[in-house]
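The values are calculated or read from the model by the stated rules, or taken from the named source; none is laboratory data. Source: prediction; values computed, not measured. Methodologically, a virtual Cβ is constructed for each residue, glycine included, from the backbone with ideal geometry; neighbour enumeration extends over all protein chains shown. We work out accessible area using only protein heavy atoms, side chains counted, and drop any ligands, DNA or RNA first. Shrake-Rupley method; radii C 1.70, N 1.55, O 1.52, S 1.80 Å.
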Amino acid sequence: MPVQGMRRLGREALVSEALTHLAANPQASMIELSRSIGVGRTTLYRHFGEREALVGAAARLGARRFGEAVMKARPGEGTGLAALERICAELFTLPDVLTLLFADNPIITDETFAEAAAESSTGAESAGDEDDPLEAVIARGQADGSIDEGVPIGWAAAFVYLTIGSGHLYSVSVGVDDRTARAQSLELTIRAVRKTLTPRQRAER
């Protein structure tokens, strides 16, 4: 990418590019990142000062994108279970974010979500709200009968979260750019969520 093009795009574009390249190589140095992005190393140092600041900015961007995807899934519409399925689908459109979230040494962490929420001027749209969005959807699903009320909400939220991660990591192992494998991974993720959380009497019909 041309250097002038990146300079015109500015700091946010540099952060977005860094997120993409960190997903491919989480240990990338500033020199490697600058080469991958297509700017001089001094450009990154001028904007961020040090690698940790750039990585932190990329992580917070990823956390914000996660929260935006959850809100885009319309968590308040339809049944709780249907909302969970839409959340799975929206999050699967963010492979770089999921990679940095579910890595062995994740760059996006609970602390990152809290920092992103603190920075956000639209807290209601942040993934770091006091009320976990997945837990809120699951509670609503238990109230409307689409999710088994005998399953603890915290357990169900952790299950959905980890199932999304498992499905994503499987597609990465096959090839994240393989659309067929990606679609299959999403289908299996949604199927697992539906099978586990649907009330037993409804699932047996």
* Structure fact -> Expressed in angstrom and ordered largest first, the alpha-carbon extents of the range 158-204 along the principal axes are 38, 21, 9
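Over all distinct Cα pairs, what is the inverse of the mean 1/r for the range 7-62, reported as the Kirkwood hydrodynamic radius in Å?
Details: mean 1/r = 0.0931 Å⁻¹.
With all distinct Cα pairs of the range 7-62 included, I get 10.7 Å.
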* Asked: So how much slack lies between residue 201 and residue 74, counting 0.36 nm per residue of separation and subtracting their Cα-Cα distance, in nm?
  -> 43.0 nm
* To do: With θ set to phi - 60°, apply the Karplus curve 6.51 cos²θ - 1.76 cosθ + 1.60 along the range 35-46 and write out the HN-Hα couplings as whole Hz, x wherever there is a Gly or Pro.
  => 5, 5, 6, x, 10, x, 4, 5, 5, 5, 5, 5
* Karplus couplings for the range 48-56 from phi (6.51 cos²θ - 1.76 cosθ + 1.60, θ = phi - 60°), rounded to Hz, Gly and Pro as x? -> 10, x, 8, 4, 4, 5, 5, 4, x
* Per the helix-only calculation at 222 nm, which mean residue ellipticity applies to the chain, given -39500 (n - 2.57) for every DSSP H run of n ≥ 4 and division by its residues, nearest 500 deg cm²/dmol? -> -22000 deg cm²/dmol
* By how many nm would the segment from residue 135 to residue 155 grow when fully extended, if each residue of separation counts as 0.36 nm and the alpha-carbon distance is taken off? -> 6.3 nm
* **Residue order for 72, 195 - accessible surface, 1.4 angstrom probe, largest first** => 195, 72
* Structure fact -> Counting only protein heavy atoms and leaving out ligands, DNA and RNA, the solvent-accessible surface of residue 191 at a 1.4 Å probe, in Å² to the nearest 10, equals 120 Å²
* Asked: Roughly how much of residue 20 is accessible, in Å² to the nearest 10, using a 1.4 Å probe?
  -> 60 Å²
* Structure fact -> Heads up, the range 133-191 by the C-alpha gyration tensor (a ≥ b ≥ c square roots of eigenvalues; a/c under 1.5 rounded, else a/b over b/c prolate, else oblate) looks prolate
* Structure fact -> Taking a crude spin-label model, label points 7 Å out from Cα along the C-beta direction, the residue 32 to residue 183 distance in nm is 3.4 nm
* Structure fact -> Residues whose modelled amide H sits under 5 Å from the amide H of residue 107, counting only those 5 or more places away in sequence or on another chain, are none
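Pairs of Cα atoms under 8 Å, at least six residues apart: use those to get the relative contact order of the chain, whole percent. Spell out each step's value before the answer.
Details: 240 pairs, mean separation 39.0, N = 205.
Dividing the mean separation by the residue count of the chain yields 19 percent.
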* Structure fact -> Taking every C-alpha to C-alpha distance in the chain and binning by 10 Å from 0, the per-bin percentages run 9, 32, 32, 18, 7, 2, 0
